[in-house]
Amino acid sequence: MAIEVREQDFVFHLYTKNTSYILSAAEGEHLAHVYWGKRIRIPSMDNALLFRWSCFDVMEDAEPPFSLDYIGREYPSVAGDYRIPAIEVEYADGSRECSLTFQGYRILEGKPERQGMPSLYTEPGDACETLEIILQDRIKGIWVFVYYTVYEDYDVMTRSVTVKNRGTEEVHLTRVASASVDFESSGFELLTLPGAWGRERHIERYPVRRGRQMAGSSRGASSHQMNPFVALLEPETTEEKGNVYSMNLVYSGNFTMGAEVDQIGKTRLFMGLGNEDFSWLLGTGESFDAPECVMVFSADGLGGMSGIYHNIYRERLVRGTFRGGKRPILVNNWEATYFDFNEDKIVALAGAAAELGLELLVLDDGWFGKRNNDTCSLGDWYANLEKLPNGIAGLAEKVREQGIRFGLWVEPEMVSPDSDLYRKHPDWCIHVEGRPRSECRNQLTLDLSRGDVCCYLVQTLKELLSSAPISYIKWDMNRHMSNVGSAKLPAERQRELPHRYILGLYKVIQEVTESFPDVLFESCSGGGGRFDPGMLYYTPQIWTSDDTDPVERIYIQYGTSLVYPISAMGAHVSAVPNHQTGRVTPMKMRGDVAMSGNLGYELDLTKFTEEEKETVKKQIADYKELRNLILQGDFYRLKSPFEGTDAAWMVISKEREEFFAAYFQIQAKVNQGITRIKFRGLKPNVFYEDRTTGEIYGGDELMQIGLVVDLFGDYQSRTWHFCEK
Ligand code: DGJ
């Protein structure tokens with residue numbers, strides 16, 4: 001059993017294969033954090049749990065006295081603790097005190113289901129248990145249930161929180177963290193994945209200073225600008241060594257995360273809801289569920305941490321038919337045609353794609369309403385018959401006649417002011433009455449906090465998907481929230497809109513994906529603006545970035561791989577000069593980067609030269625051979641582009657019998673010495689054969705000595721495919 005309890009003083013030991021997490025109800029009252037790190041067999045727990053010395057701070061009425069500001073805490077509230085709280089409330093009388101004390105606990109088999117919210121799931125046979133800790137503010141009757149689920153074999157713990165108002169008056173929740181952990185020391189570094197449109201999830205690592213270091217999103221989406229992931233590292237941590245403590249929120253909207261170093265050098269790490277756009281009015285008898293936070297500790301550096309996330313996300317977050325490696329290689333017409341297409345062009349593209357060995361054609365933006373540019377028609381999800389005289393069903397049939405499947409782009413959460421939908425329901429968008437509606441890409445956001453809007457979307461999407469043989473949907477979302485207001489919510493609930501929107505989105509996407517289990521859904525948000533575990537729960541793959549330049553993609557895919565498996569990443573070969581950067585790179589490098597994920601093409605295949613056709617045919621054939629390995633194997637980062645101008649990574653099968661590796665020389669240097677690639681995770685005592693050259697090497701040799709990489713020029717790449725001999 002992964003949870004042990006010492007009853008006499010309420011010490012809880014939660015453990016996985018390699019990790020221990022210990023908390024205790026100190027003095028029978030205060031939920032204290034004791035330890036998170038490498039597995040401990042049987043903690044004696046006679047270590048002092050409370051640091052009793054305090055000078056000026058509020059003291060508890062205990063003998064000897066102590067201060068809540070000095071102890072490690074698990075779910076801190078404001079009373080007597082000056083560090084960032086996990087929960088903040090405001091009562092009708094304006095008071096904000098919430099003094100949570102321990103009331104009891106339960107151990108639950110498996111994991112309680114979280115209704116309406118994405119979360120990791122369990123399967124029969126999983127070694128999985130949940131600790132429920134019950135806290136209460138006795139004066140106001142606010143109850144907080146903190147859930148810790150331990151996935152013993154995966155080395156993962158999740159935390160989530162439910163707040164219940166059992167008092168006699170309403171209360172506003174203004175912060176509800178999903179996890180908060182106190183460390184006894186400081187001197188850590190913080191690692192986050194910030195970015196921008198076209199430059200998502202770059203790695204940023206910096207020392208945690210005294211005071212608060214906060215990051216997050218208030219854009220209504222998890223965002224390009226900051227991923228809901230944070231890690232605390234020992235400064236010497238590398239890919240292979242060092243202690244890493246990390247949190248990833250299973251959520252697609254606004255969030256706040258960060259760290260705080262206090263007056264005596266302790267560090268608090270936190271993650272959850274609670275920025276300036278969050279507030280939730282909790283009536284008497286009501287409850288509020290915060291999103292789940294996935295927590296991973298690794299003593300084996302960043303590589304160890306990533307491996308743990310990749311495994312559990314592939315096996316206990318992604319669901320359905322496409323959970324494994326069965327993803328089609330696709331061609332998307334966006335960068336090939338933009339809005340300028342008709343049925344003949346798309347059918348020709350499908351024909352060229354089939355000839356090259358591709359498996360699916362995706363018709364992107366511009367197929368509906370009157371849409372020939374981005375100024376109109378979002379919301380009018382019926383075919384533009386001028387472009388597509390046989391409608392979507394007719395086109396899908398013609399594409400299938402070419403020998404490949406058909407997929408379609410939609411942006412269901414949006415509406416164009418110039419659309420039939422907007423003319424009929426101008427109050428269905430997010431807006432503040434009496435103020436101009438600020439448009440971004442000429443569009444407005446539908447108010448998914450409204451039940452009527454959600455019902456309409458479910459029905460519209462179901463009709464669309466039933467109307468034609470559609471095998472794939474790209475679910476896009478291309479703007480952030482502004483004028484955050486809803487025509488339906490009362491004044492005191494307006495700040496609930498961003499969270500209610502995400503709950504509405506989850507409801508819609510759950511119903512639609514459940515109704516079409518054999519359709520592959522890929523989510524997208526102006527590229528990778530909602531690349532988070534919340535979306536991954538519904539859509540097994542996500543468009544990683546609108547930036548398809550392979551050089552830029554190396555940074556983006558490398559950063560993304562810190563948390564998310566490469567099977568989650570959509571990666572396409574596009575034309576040169578690249579549409580985002582103007583860079584000209586060889587087809588080989590474009591292919592090598594894109595095949596390190598879900599391979600696709602996004603350029604006009606009908607214009608290929610014979611030589612390009614041959615290169616791409618080979619890329620596709622190679623990928624088909626490697627696809628299961630790439631999508632299901634263990635991923636290792638070998639060389640970071642953030643530390644030089646080269647990058648390398650590899651994927652090895654679980655049985656360590658086969659691996660694929662890629663090396664990228666972004667910028668050539670003269671007289672720079674010998675460059676080697678040293679592989680990882682191999683069996684040292686067996687021989688591996690290079691599938692291209694037939695050369696044979698020992699696993700130990702490939703890991704210790706490695707191979708010389710001899711590349712000449714900028715934007716060069718090399719790949720290897722080895723099998724055990
Ligand atoms: C943004 C997406 O990221 C692109 O791939 C493309 O689908 C456009 N939207 C279409 O408007």
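Among the residues of the stretch 505-520, not a single one is in contact with an Asp or Glu (Cβ under 9 Å, 6 or more places away or on another chain), at pLDDT 95 or above and basic (Lys, Arg).
Tell me whether the stretch 589-607 contains one or more residues that are crowded, with 24+ Cβ neighbours inside 10 Å, among the aromatic types (Phe, Trp, Tyr), more than 21 Å from residue 329 (Cα to Cα) and more than 13 Å from the chain's Cα centre (by Cα). No, the stretch 589-607 contains no residue that is crowded, with 24+ Cβ neighbours inside 10 Å, among the aromatic types (Phe, Trp, Tyr), more than 21 Å from residue 329 (Cα to Cα) and more than 13 Å from the chain's Cα centre (by Cα). Could you please give the count of residues in the stretch 507-538 that are surrounded by fewer than 24 Cβ atoms within 10 Å (Cβ to Cβ) and part of a loop (DSSP other than H, G, I, E, B)? The number of residues fulfilling the criteria is 5.
Starting from residues that are out of contact with any helix residue (DSSP H, G or I) (no Cβ under 9 Å at 6 or more places or on another chain) and in a loop (DSSP other than H, G, I, E, B), keep the ones in the stretch 396-431 and report whichever is nearest to residue 344 (Cα to Cα). Out of the qualifying residues, it is 411. Condition first: in contact with a Cys (Cβ under 9 Å, 6 or more places away or on another chain) and either surrounded by 24 or more Cβ atoms within 10 Å (Cβ to Cβ) or of a type outside the set (Gly, Ala, Ser) (or both). Can you find one or more residues in the stretch 178-193 that meet it? Among the residues of the stretch 178-193, at least one is in contact with a Cys (Cβ under 9 Å, 6 or more places away or on another chain) and either surrounded by 24 or more Cβ atoms within 10 Å (Cβ to Cβ) or of a type outside the set (Gly, Ala, Ser) (or both), which makes the answer yes. For the criterion of being touching a helix residue (DSSP H, G or I) at 6+ places or on another chain (Cβ under 7 Å), assigned to a loop (DSSP other than H, G, I, E, B) and crowded, with 21+ Cβ neighbours inside 10 Å, residue 567 fails.
The set of residues in the stretch 555-577 being under 25 Å from residue 473 (Cα atoms) and over 19 Å from the mean Cα position of the chain (by Cα) consists of 572, 573, 574, 575. When you look at residue 651, is it under 17 Å from residue 358 (Cα atoms) and buried (at least 19 other Cβ atoms within 10 Å of the Cβ), yes or no? Here the answer is no, as residue 651 does not meet what is asked. For the stretch 380-396, the candidate set comprises residues that are out of contact with any Lys or Arg (no Cβ under 9 Å at 6 or more places or on another chain) and farther than 16 Å from residue 342 by Cβ; within that set, the residue that is nearest to the ligand (Cβ to nearest atom) is 381. Count of the stretch 537-555 residues, restricted to those that are more than 13 Å from the ligand (Cβ to nearest atom) and out of contact with any helix residue (DSSP H, G or I) (no Cβ under 6 Å at 6 or more places or on another chain), is 6.
Scoring residue 369 on the criteria (1) of a type in the set (Gly, Ala, Ser); (2) in contact with a strand residue (DSSP E or B) (Cβ under 8 Å, 6 or more places away or on another chain); (3) within 16 Å of the ligand (Cβ to nearest atom) leaves a single failure, condition (2). Restricting attention to the stretch 614-648 and to residues that are among the acidic types (Asp, Glu) and part of a helix (DSSP H, G or I), the residue that is surrounded by the most Cβ atoms within 10 Å (Cβ to Cβ) turns out to be 622.
Among the residues of the stretch 508-535, those identified as within 11 Å of the ligand (Cβ to nearest atom) and in contact with a Ser or Thr (Cβ under 8 Å, 6 or more places away or on another chain) are 522, 523, 527, 528, 529, 530. Out of the residues in the stretch 432-469 meeting the condition of being within 16 Å of the ligand (Cβ to nearest atom) and assigned to a loop (DSSP other than H, G, I, E, B), tell me which one is surrounded by the fewest Cβ atoms within 10 Å (Cβ to Cβ). Checking each candidate, the answer is 441. Here is the figure for the stretch 342-360: residues that are touching a Gly at 6+ places or on another chain (Cβ under 7 Å) and within 16 Å of the ligand (Cβ to nearest atom) total 1. Evaluate the following for residue 611: is it part of a helix (DSSP H, G or I) and within 28 Å of residue 320 (Cα to Cα)? Criteria not met by residue 611.
Which one of the conditions (1) among the β-branched types (Val, Ile, Thr); (2) buried (at least 21 other Cβ atoms within 10 Å of the Cβ); (3) more than 27 Å from the chain's Cα centre (by Cα) does residue 146 fail to meet, given that it meets all the rest? Every listed condition holds for residue 146 apart from (3). Looking across the stretch 471-506 at every residue that is within 16 Å of the ligand (Cβ to nearest atom) and assigned to a loop (DSSP other than H, G, I, E, B), the one that is nearest to residue 273 (Cα to Cα) is identified as 480.
The values are calculated or read from the model by the stated rules, or taken from the named source; none is laboratory data. Remember, it's a predicted structure, so these values are computed and weren't measured experimentally. Using ideal geometry, Cβ is built from the backbone for each residue, glycine included, and neighbour counts are taken over all protein chains shown.
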